[in-house]
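A quick write-up on the structure given underneath.
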Amino acid sequence: MKKIIKSIGALALGAVVLASSSMNVWAEDKSYTYNYDYWGDVQDSPDVYSVTGVYTAQAFGLDLNFRSPQGMFAQGNMLYICDTGNNRIVQLERTGTEQFEVARIFDSIRGEKGEEKLSGPTDIAVSEDGDIFISDNGNARIVKVDSDLNFLLQFNLPVDSTVSADSTFQPSKIVIDTAGRVYCIATSINQGLCKYEADGTFSGFVGATPVTFNWMDYIWKKFATQEQRVRMTSFVPTAYDNIYMDHEGFIYACAGGMDEEDLDSGAASAIRKLNLMGNDILVQNGEFPAYGDLYWGEGGGYVGPSYFTDVTVFENDIYVCLDKNRGRLFGYDDQGKTVFCFGGNGNMDGYFRQPAAVEHMGHDLLVLDSLDCSITLFTPTEFGRLIYSAIDDFDQGNYEASGESWKKVMELDGNYDLAYIGIGRSLLRQEKYEEAMDYFELKYDDENYSRAYKQYRKEWVEEHIVVIVIVILAAFLIPLSIGRVRKIKHEIDIADIFKA
């Protein structure tokens, strides 16, 4: 049944995408943003983001164009681009809403023995103290330098029994925590994230994905010969594609391409939120798991589910996942509910050829395209600003203001489920339980409806406790009184008989 629903949904979504992509130029008021309702139906939505600019190396005044850039990191008003094909890192400073200026370009560091060239840097991270960590893939290392690019420390191949000493260390993506610990994704290592202490010591693997397998294959392996087992696929954890550390120190990890059956069954997650123990604590209270598109058509040669290749997380805990399969961006709130879906593959502004990384500055989004060698800057529209205002006000305890913002969102899009739920949550916090129940009921939010109903029932009981006590007492005392009266009457009647 689910396959049939997916096929119908895929045809519907495909028709919308094909119809829109057949146009040579998008009209300014034409939306390419969509969402999913409670039933999983695709609902057109006003654009949450608009394209502010598409920047290439020439736009920054660089003579040498980007070449297969793979990584991007934002801190404050600084943006770092890993220009992998040119073996360099370009540091940009955002000087205006739409303007960036080159702060510096470096392709080497100052090592103990002099200048050391970078080779194919794939990712970069900068600490609060200004120390720079570079995934120097071609040199098989992660290198730590100070703000003046002086060598400080090097992180090498993990020393572990599961890793061959002859292996080539190929770090691809890195994050650092406030204590200076480094977490790394390395090619050919699928035990999870490589964790290094601040002094460069390898301290183990963190957050390996659960191993999934087919029972028929498992049983067949039990009876297969040694030669047949060698030829069969091994059951190993799925390697991560990218990682991001949020403001609270939790690591969001993209599991990359996931099997359709595993996603449907819930046996695997396309995005995970790891705590210090490496456990997945991502909240998934939405009607559908956070794995991108619900329906996977085969139009344009793109098949299978969304492939999350990167993720970034706002201060309000909204996380945005980048799908490199169909070039789309998916935003989810802290409960796992879909906030927006937009994007696509193509050559027009707002579309991508091969998206590789996503970052944010405030609520603005930046997407790095490794094939188009460009950076697309998205800024929130009025609709998007209202959504973020409603969410931020709620987080800050301004529940009434949050509810008013959600009402404005609902005026712009009457099919936007989060607006109804947001109004209900704000009313719930204002202790207007009966009104909150109405909004939760409209969007089938059973969990929040139960919370509101529980509080409404408690409040109703407290307000009518006197009446309730009187009714209860009456229910007991009236029958007792009637019985007593009848007994007395019966005794009087008997006494009259004996007297007679």
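So if I check each of Ile391, Ile375, which one is under 30 Å from Glu447 (Cβ atoms) and either among the β-branched types (Val, Ile, Thr) or touching a residue at least 24 places away in the same chain (Cβ under 8 Å) (or both)? It is Ile391. Annotation: of all residues in the stretch 22-70 being open to solvent by 60 Å² or more (accessible area, probe 1.4 Å) and among the acidic types (Asp, Glu), the one that is modelled with the lowest pLDDT is Glu28.
Take the residues in the stretch 178-201 that are assigned to a loop (DSSP other than H, G, I, E, B) and of a type in the set (Val, Ile, Thr), then tell me which one is most open to solvent (accessible area, probe 1.4 Å). Talk me through it step by step, then tell me what you get.
Restricting attention to the stretch 178-201, the residues satisfying the condition of being assigned to a loop (DSSP other than H, G, I, E, B) are 178-181, 187-192, 197-201.
Then keep just the ones that are of a type in the set (Val, Ile, Thr); that gives 178, 187, 189, 201.
Details: Thr178: 137, Thr187: 70, Ile189: 15, Thr201: 71 Å².
Only one residue tops the list, namely Thr178.
Within the stretch 321-338, if we keep just the residues that are small (Gly, Ala, Ser) and assigned to a loop (DSSP other than H, G, I, E, B), the residue that is nearest to Ser370 (Cα to Cα) turns out to be Gly327. Looking at the stretch 120-142, which of its residues are surrounded by 19 or more Cβ atoms within 10 Å (Cβ to Cβ), hydroxyl-bearing (Ser, Thr, Tyr) and more than 13 Å from Asn156 (Cα to Cα)? The answer is Thr122, and nothing else.
Step by step: first the residues of the stretch 86-98, then only those that are touching a residue at least 24 places away in the same chain (Cβ under 8 Å) and surrounded by 14 or more Cβ atoms within 10 Å (Cβ to Cβ), then the one that is farthest from Thr122 (Cα to Cα). Which residue is that?
Keep residues of the stretch 86-98 that are touching a residue at least 24 places away in the same chain (Cβ under 8 Å), which gives 87-90, 92, 94, 97-98.
From what's left, surrounded by 14 or more Cβ atoms within 10 Å (Cβ to Cβ): 87-90, 92, 94.
Numbers: Asn87: 9, Arg88: 10, Ile89: 9, Val90: 12, Leu92: 17, Arg94: 22 Å.
Here the residue is Arg94.
Note on the stretch 415-439: among residues that are among the polar types (S, T, N, Q) and either more than 27 Å from Cys341 (Cβ to Cβ) or open to solvent by less than 60 Å² (accessible area, probe 1.4 Å) (or both), the one that is farthest from the chain's Cα centre (by Cα) is Gln430.
From the list Arg425, Arg429, pick out the single residue that is under 22 Å from Tyr36 (Cα atoms), of a type in the set (Lys, Arg) and in contact (Cβ under 8 Å) with a residue 24 or more places away in the chain.
Numbers: Arg429 fails: under 22 Å from Tyr36 (Cα atoms).
Arg425 is the lone residue from the list that is under 22 Å from Tyr36 (Cα atoms), of a type in the set (Lys, Arg) and in contact (Cβ under 8 Å) with a residue 24 or more places away in the chain.
Looking only at residues that are open to solvent by less than 80 Å² (accessible area, probe 1.4 Å) and farther than 30 Å from Tyr439 by Cα in the stretch 454-481, which one is farthest from the chain's Cα centre (by Cα)? Looking at residues that are open to solvent by less than 80 Å² (accessible area, probe 1.4 Å) and farther than 30 Å from Tyr439 by Cα, I get Ser481. Residues in the stretch 311-357 that are open to solvent by 10 Å² or more (accessible area, probe 1.4 Å), in contact with a Leu (Cβ under 9 Å, 6 or more places away or on another chain) and charged (D, E, K, R): Arg328, Asp333, Lys337, Arg353. Pick out the one residue from Ala103, Ala74, Ala140, Ala125 that is aliphatic (A, V, I, L, M) and touching a His at 6+ places or on another chain (Cβ under 7 Å). Of the residues listed, the single one that is aliphatic (A, V, I, L, M) and touching a His at 6+ places or on another chain (Cβ under 7 Å) is Ala74.
Being assigned to a strand (DSSP E or B), more than 19 Å from Gly249 (Cβ to Cβ), touching a Leu at 6+ places or on another chain (Cβ under 9 Å) and modelled with pLDDT of 85 or more holds for only one residue in Val143, Val175, Val163, and it is Val143.
Criterion applied to Leu442, Leu412 was being open to solvent by 60 Å² or more (accessible area, probe 1.4 Å), of a type in the set (A, V, I, L, M, F, W, C) and without any contact (Cβ under 8 Å) to a residue 40 or more places away in the chain, and the one residue passing it is Leu442. Among all residues of the stretch 363-377, there is at least one that is surrounded by fewer than 22 Cβ atoms within 10 Å (Cβ to Cβ), in contact with a Leu (Cβ under 9 Å, 6 or more places away or on another chain) and not small (Gly, Ala, Ser).
Yes or no, residue by residue, for (1) farther than 11 Å from Thr338 by Cα; (2) part of a loop (DSSP other than H, G, I, E, B); (3) touching a Lys or Arg at 6+ places or on another chain (Cβ under 6 Å):
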{"site": "Gln284", "(1), (2), (3)": "no, yes, no"}
{"site": "Glu287", "(1), (2), (3)": "no, yes, no"}
{"site": "Gly297", "(1), (2), (3)": "yes, yes, no"}
{"site": "Pro305", "(1), (2), (3)": "yes, yes, no"}
{"site": "Asp310", "(1), (2), (3)": "yes, no, no"}
{"site": "Asp317", "(1), (2), (3)": "yes, yes, no"}
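When residues in the stretch 275-309 are screened for being β-branched (Val, Ile, Thr) and either more than 23 Å from Asp334 (Cα to Cα) or open to solvent by less than 20 Å² (accessible area, probe 1.4 Å) (or both), 2 of them pass. Within the stretch 41-74, the set of residues being farther than 19 Å from Glu93 by Cβ, in a strand (DSSP E or B) and of a type outside the set (A, V, I, L, M) comprises Gln43, Asp44, Ser45, Tyr49, Ser50. Condition test on Arg451, is it at pLDDT 80 or above, surrounded by 12 or more Cβ atoms within 10 Å (Cβ to Cβ) and of a type in the set (Lys, Arg)? Taking the combined requirement at face value, the residue satisfies it.
The values are calculated or read from the model by the stated rules, or taken from the named source; none is laboratory data. Treat the numbers as computed from the prediction; the structure is a model and nothing was measured. As a convention, Cβ positions derive from the backbone with ideal geometry for all residues, glycine included, and neighbour counts pool all protein chains shown. Note: accessible area is taken over every heavy atom of the protein model, side chains too, but ligands, DNA and RNA are not part of it. Shrake-Rupley method; radii C 1.70, N 1.55, O 1.52, S 1.80 Å.
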